[in-house]
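The values are calculated or read from the model by the stated rules, or taken from the named source; none is laboratory data. Just so you know, these numbers come straight off a predicted model, no measurement behind them. Cβ atoms come from the backbone with ideal geometry, glycine included; neighbour counts cover every protein chain shown.
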Amino acid sequence: MKGQIEAFLRHLTVEKRFSENTAAAYKNDLSQMADFFQEKGTKQWPDVDHQLVLTYLLNLKQRGYAPATIARKTASAKTMFKYLEKAGVIKSTPTENVGAPRVKKSVPQPLSETEVRDLLRQPDKYPTPEARRDKAMLELLYASGMQISELMSLNVHDVTMQDSSVTCLIRGSKERNTCLSRGHVPSLKKYMDEARPQLLHQRGEEALFLNRLGQRLTRQGLWQIVKIYAKEAKLNNQITLRALRHSLIAAASQKTKS
């Protein structure tokens, strides 16, 4: 079963151009589902039936998973089974007519413009390559409005520097370019020229933003960084990455209008 999961993940990253973070989330969800099926004695995908899928989803609910998590895992399963059906591995999808919990979408509580400025100033307190990285990340998020997963998925060769502009190739469900003024991301080139080489451990690493081990910084890693800076900036809001992105977009838009 795991072999088909790996083939599906290659399909997502190579053909569908999904980000590594998205593929990792799919892998976690599908591996958990496959483990459950195998524990129930089902060793092959063609043997999975509608009732077994319902049993798995009920088990998730009984174990206390949040509706949003169950909805995501249901969506992952449906996408996987559609792929298996199209590939001829199974005759029909067992997730037909399987519903997902309704998830109430919460509206992010944005930071004020003053709070955004305070947050962006925090990395300036430190002379470390990590702080220069953080400043570049926040500026790029502020200027581009790209999603967190898109930011974390950027490779060095996705960024093209011109005299007065920066172009980023963004990969996801759809590939696109975004062009920014270099004046909006003043820390990016300095990070790439000076700080990133200090964080780099292996010459072949392509990720733009690196952690202390020289590997691609993850969404979770960014979240830990933001929480530290938010605490130092004495932000009282319950800040989330989603709220941060919306706040930065709103602040950038207001800055453009003024």
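Values computed for the structure shown
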| quantity | calculated |
| --- | --- |
| Any hit, region 17-29, residues being acidic (Asp, Glu), out of contact with any Pro (no Cβ under 6 Å at 6 or more places or on another chain) and modelled with pLDDT of 90 or more | yes |
| Filter result (surrounded by 14 or more Cβ atoms within 10 Å (Cβ to Cβ) and within 20 Å of Val116 (Cβ to Cβ)) within region 181-190 | His184, Val185, Ser187, Leu188 |
| Hits in region 43-68 - residues which are of a type in the set (Ser, Thr, Tyr) and either modelled with pLDDT under 90 or touching a helix residue (DSSP H, G or I) at 6+ places or on another chain (Cβ under 6 Å) (or both) | Tyr56, Tyr65 |
| Residues (small (Gly, Ala, Ser) and within 19 Å of the chain's Cα centre (by Cα)) located in region 7-30 | Ser19, Ala23, Ala24, Ala25 |
| Single residue of region 225-258 satisfying the filter (in a loop (DSSP other than H, G, I, E, B) and either among the acidic types (Asp, Glu) or modelled with pLDDT of 85 or more (or both)) that is farthest from Pro129 (Cα to Cα) | Lys234 |
| Which listed residue, of Gln38, Gln32, is in contact (Cβ under 8 Å) with a residue 40 or more places away in the chain, assigned to a helix (DSSP H, G or I), more than 15 Å from Gly99 (Cα to Cα) and not aliphatic (A, V, I, L, M) | Gln32 |
| Lone unmet requirement of (1) out of contact with any strand residue (DSSP E or B) (no Cβ under 6 Å at 6 or more places or on another chain); (2) modelled with pLDDT of 90 or more for Asp158 | (1) |
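Residues checked against (1) surrounded by 17 or more Cβ atoms within 10 Å (Cβ to Cβ); (2) in contact with a helix residue (DSSP H, G or I) (Cβ under 7 Å, 6 or more places away or on another chain); (3) outside the structural domain of Arg17 (by TED's automatic domain parsing):
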site: Ser153; (1), (2), (3): yes, yes, yes
site: Met161; (1), (2), (3): no, yes, yes
site: Lys174; (1), (2), (3): no, no, yes
site: Asp193; (1), (2), (3): no, no, yes
site: Pro197; (1), (2), (3): no, no, yes
site: Arg203; (1), (2), (3): no, no, yes
site: Phe209; (1), (2), (3): yes, yes, yes
